[in-house]
Amino acid sequence: MSNLEDVPPSPPDGGSPSRPGAVALYPARLEIAYPDRLNRVTTAFRLVLVVPIVIVSSVLTAEGTQSVQTSGGAWATTTSAGITGGLSMATLLLILFRRRYPRWWFDFALELTRFTARVGAYVALLTEGTHRRLGALVYEPALVGASAIDKSFLLAMTRDNGPSKMADIQDRLGVDVNYASQYRLRLIAAELIESTNHGYVDFALPYLREYLRDEAAAEM
């Protein structure tokens, strides 16, 4: 798994570190553990699986340029910045006029850099677990309001590699159809699952199945 950490910068004069025996470090470093093996299925379909994560990254970082021809025949070009570009400009103004570097922007920029580095490492076949980081950004907040029974319902769904049959979920939970249907409706309303066909449900969030499987394995 990739690990991008902020570390104390080296002395500005390029000299020796202030701590005895310490090694001079870059302000940031990237560490990726060598994966002895990669999953053949996720590797084969990696460019497809990465699409949801790339969409999230693009919403935060993308910029756009548009050229239009005016009625007089001249071309006009407009450039628009993404969310990150707008926040960067606001931060720049704060630094210039108030000489303050907002802590919230530093924390946001740090986490965004870590996220984009993991996406790049995943696409470059350096790591397998981008969905774990996505879990901290997306799944954990989405599951905050889920009850213990809601999570049991979701865990019962993780035993399937595709849409889950409601009858199978009932058997796994040991409940009747009415009881299971109530929690099915709750989870659909919370946009955690969706109805794919009559009697079948599936996860509404990409990689939520894999995230829950990893969390269940970690708790064993």
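The values are calculated or read from the model by the stated rules, or taken from the named source; none is laboratory data. It should be emphasised that the depicted structure is a prediction, and the values quoted were computed from it without experimental measurement. Note: ideal-geometry Cβ built from the backbone for every residue, glycine included; neighbour counts use all protein chains shown.
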Scan of the range 193-207 for residues that are at pLDDT 85 or above and buried (at least 18 other Cβ atoms within 10 Å of the Cβ), ordered by number: Ile193, Val201, Phe203
For the range 186-196, indicate whether the set of residues that are touching a helix residue (DSSP H, G or I) at 6+ places or on another chain (Cβ under 9 Å), assigned to a helix (DSSP H, G or I), in the same structural domain as Leu208 (by TED's automatic domain parsing) and not small (Gly, Ala, Ser) is non-empty. yes
